[in-house]
Amino acid sequence: QVQLVESGGGFVQTGGSLRLSCAASDSSVRFNAMGWHRQVPGKQRELVARIFGVGVTVYGDSVKGRFTISRDNAKNTVNLQMNSLRPEDTAVYYCEAERGVVNYWGQGTQVTVSS
């Protein structure tokens with residue numbers, strides 16, 4: 001069973017930056033796509049960003065121009081650079097990886113942006 005381990009969450013003021021990282025426990029597994037999603041209590045989990053094996057990226061509308069996703073296929077890691085953070089970015093951020101019809105999820109890391 002592949003596990004995804006996130007790191008890099010924390011507390012930051014409005015306008016600040018954070019970098020999230022996610023590593024797969026098995027570096028030999030190849031994922032079709034890796035990405036980040038976020039969720040706040042009482043709301044559905046929403047897409048933040050996704051990156052496919054060929055480097056194609058997809059971003060949620062609210063983070064375009066502020067967040068950048070990157071991936072190291074050799075190490076099976078995915079990173080999310082978050083700039084110009086806003087209070088509405090406060091959420092638990094989840095790493096996700098897709099392999100065939102299976103989606104793997106990390107346990108989540110809290111990001112809190114103070115106003």
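Summary table below
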item	result
Gly55, sole failed condition from (1) surrounded by fewer than 21 Cβ atoms within 10 Å (Cβ to Cβ); (2) within 21 Å of Phe11 (Cα to Cα); (3) of a type in the set (Gly, Ala, Ser)	(2)
Pick from the range 1-44, criterion open to solvent by 80 Å² or more (accessible area, probe 1.4 Å) and not in a loop (DSSP other than H, G, I, E, B), ranking: nearest to Met82 (Cα to Cα)	Arg19
Scan of the range 45-78 for residues that are assigned to a loop (DSSP other than H, G, I, E, B) and more than 23 Å from Gly100 (Cα to Cα), ordered by number	Lys64, Gly65, Arg66
Residue tally, condition under 14 Å from Met34 (Cα atoms), over 11 Å from the mean Cα position of the chain (by Cα) and open to solvent by less than 30 Å² (accessible area, probe 1.4 Å), over the range 70-115	1
Residue pairs meeting the criteria (Cβ under 6 Å; at least 6 apart or on separate chains; first at pLDDT 95 or above, in the range 61-75; second among the β-branched types (Val, Ile, Thr) and surrounded by fewer than 16 Cβ atoms within 10 Å (Cβ to Cβ))	Ile69/Thr57
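The values are calculated or read from the model by the stated rules, or taken from the named source; none is laboratory data. Because the structure is predicted, anything quoted here is derived from the model rather than measured. When we count neighbours, we look across all protein chains shown, and the Cβ atoms used for this are built from the backbone with ideal geometry, even at glycine. Remember, those area values only see protein heavy atoms, side chains included, never the ligands or the DNA or RNA. Shrake-Rupley method; radii C 1.70, N 1.55, O 1.52, S 1.80 Å.
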